[in-house]
Amino acid sequence: MSAHTFDRRTVLKAAAAFAATGLASCASVAPTGAGGRSTGALPARGEFVIRGATVLTLDPKIGDFARGDVHVRDGSIIAVAPAIAAASATTLDGRDMICMPGFVDTHWHLWTSALRPLMRIDDPARGYFPVSSRLGAVYNPQDSYANVRLGLAEALSAGATTVHNWAHNVRSPAHADAELRAMRDMGMRGRFSYGPAQGMPNEQPMDLAGLAKIQREWMPNDGMLTLGICSRNIGASQTALRGTISLDIVRQDWGGARKLGLPITLHTSGPSPVKLLDDAGLLGPDVQLVHPLLTTPEDRRILKERGVSYSIAPVGESGRPAKAGVIQLGELLEAGIKVSISTDLTGTFNCDFFNCMRILYQLHQHRIGTRIPLTSKRLVQLATLDGAIDLGIADRTGSLTPGKRADIILVRTGDINIAPVGDPYEALVMLAQPRNVDTVIVDGRILRRAGEFTALDHAQVRKEAAESAAALRARAGFPKDEG
């Protein structure tokens, strides 16, 4: 048996373990702040029916309803139909709204969310990479908690119900614990990908003991959170500040994750590492790649065969220099590769899934046109169900399917920027904005209603984030703005 064959079987075994991982229920816990203090309970789950909405299920077996109802009980979708009789349930008025699955974000560096005051788009020394790399070295767990909470508050306000927290500044297990507590305290569904620390030597393997500790302490949970790893760059990279590791370190890091049955995610900023990784027997369906800008037809054949997924971050990728490549959505879809949408970061732009879909459509039309069809409904699927498929949780979320958990948003259709609405998918892709998101429901908990948080003290979240940014600036000796 060749080493390559052995590696391939190991990869497939690890991927199967990831896919089969069950998240058993456990007793719920009250949300706690970074210092262990209570931050108040999340809204209770109950029974309600969303009535009279335009319902987009993203489930082809159920279809859509120009006017329909969605019945939710104890966090689960019970029924979706033109009309539902449930006399004991509370009514949520869905008239003049689109009822749809919440957005699923598949790659977001939440730990950088409060660094906005320090970043500039017109000063290379104050760009995202130099600022986050410099300040990342002085983060404490309280900073991690405050930054993640700020990012998730924005995510909820933009209609996200699931976020992949791509945490590539895990300086200790305590930092990882703080980020996971922030995700839990906000009531967000998601994956936490345990990563390296900023400035970590390339020859140093990641903290596998810390990773195992976090897995023991956090998994399984109530089904809301899953765990994985994010890898440092492999091969030539245009972001050297994030570190570039050898195949020997890759085997150690990825092998350690696979022994724990955890999925892996990797940036591919620069020349594509797909062939290199495949030749080493390292690719499998437990791998998600990010930033598909320079893949070749041979790369795409390999990705399809190995079951690898790709996350596209439209806003950031569309602003990269020409030498970095182009967003290859059409090529990936044509090759049958799993694709999803991500925010990436919110230091120099905001979270806006509607804008992400618009950018993808416009760039696709500019580059490819009608040769590879791309409909508005397909784009909404990319932002919802396909994200759940990418993260391995499509059995729980991503569509309005009875039996799945109730991750639902309502989008107002009477606002001036969107009314009057014809085709609802067209309206979502070409007209809608985050301010049109009226209601956000995660796992049956109504976290936003009428465009406002139902329980979260957003002013406190902002205050703690601002304090963290100021403390990080002082700790890192970062210069203050002039004037």
ask   = Is there any pair with a first residue in the stretch 243-260 that is free of Cβ contacts under 8 Å to residues at least 40 places away in the same chain and a second that is not in a loop (DSSP other than H, G, I, E, B) and not hydroxyl-bearing (Ser, Thr, Tyr) whose Cβ atoms are under 7 Å apart and which are 6 or more apart or on different chains, and what are they?
value = Val250/Ile234; Trp254/Ile264
ask   = Considering only strands (runs of 3 or more DSSP E) fully contained in the stretch 403-475, which possess at least 3 residues that are modelled with pLDDT of 95 or more and crowded, with 24+ Cβ neighbours inside 10 Å?
value = 408-412, 437-442
task = Out of the residues in the stretch 202-242 that are in contact with a helix residue (DSSP H, G or I) (Cβ under 8 Å, 6 or more places away or on another chain), among the aliphatic types (A, V, I, L, M) and modelled with pLDDT under 95, state the one that is least open to solvent (accessible area, probe 1.4 Å).
result = Ile234
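Within the stretch 332-365, can you find the residues that are part of a helix (DSSP H, G or I), of a type in the set (D, E, K, R) and either without any contact (Cβ under 8 Å) to a residue 40 or more places away in the chain or at positive phi (or both)? Write out each step before concluding.
Filtering the stretch 332-365 for residues part of a helix (DSSP H, G or I) gives 332-335, 353-365.
After this cut, where a residue has to be of a type in the set (D, E, K, R) as well, the list is 334, 358.
Within the stretch 332-365, Glu334 is the sole residue that qualifies.
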ask   = Are any of the residues in the stretch 144-166 modelled with pLDDT of 95 or more, open to solvent by 30 Å² or more (accessible area, probe 1.4 Å), part of a loop (DSSP other than H, G, I, E, B) and not hydroxyl-bearing (Ser, Thr, Tyr)?
value = no
key: Where a residue in the stretch 125-143 is of a type in the set (A, V, I, L, M, F, W, C) and open to solvent by 30 Å² or more (accessible area, probe 1.4 Å) and its partner, wherever it lies, is in a helix (DSSP H, G or I) and at pLDDT 95 or above, with Cβ under 7 Å and at least six apart   = Val138/Leu472; Val138/Arg475; Val138/Ala476
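State all residues of the stretch 96-129 that are more than 21 Å from the chain's Cα centre (by Cα) and under 28 Å from Val163 (Cα atoms); if no residue qualifies, say none.
Taking the stretch 96-129 first, the residues more than 21 Å from the chain's Cα centre (by Cα) are 96-98, 117-127.
Residues satisfying the conditions are Asp96, Met97, Ile98, Pro117, Leu118, Met119, Arg120, Ile121, Arg126, Gly127.
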task = Identify, from the list Thr375, Thr348, the residue that is open to solvent by 10 Å² or more (accessible area, probe 1.4 Å) and modelled with pLDDT under 95.
result = Thr348
request  = Could you tell me whether the stretch 409-427 includes any residue that is closer than 19 Å to Thr162 by Cβ and in contact with a helix residue (DSSP H, G or I) (Cβ under 7 Å, 6 or more places away or on another chain)?
outcome  = yes
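The values are calculated or read from the model by the stated rules, or taken from the named source; none is laboratory data. In this text, all values refer to a predicted model and were calculated from it rather than measured experimentally. Ideal geometry is used to build each Cβ from the backbone, glycine not excepted, and the neighbour counts take in all protein chains shown. Protein only, heavy atoms only, side chains kept; ligands, DNA and RNA dropped before computing areas. Shrake-Rupley method; radii C 1.70, N 1.55, O 1.52, S 1.80 Å.
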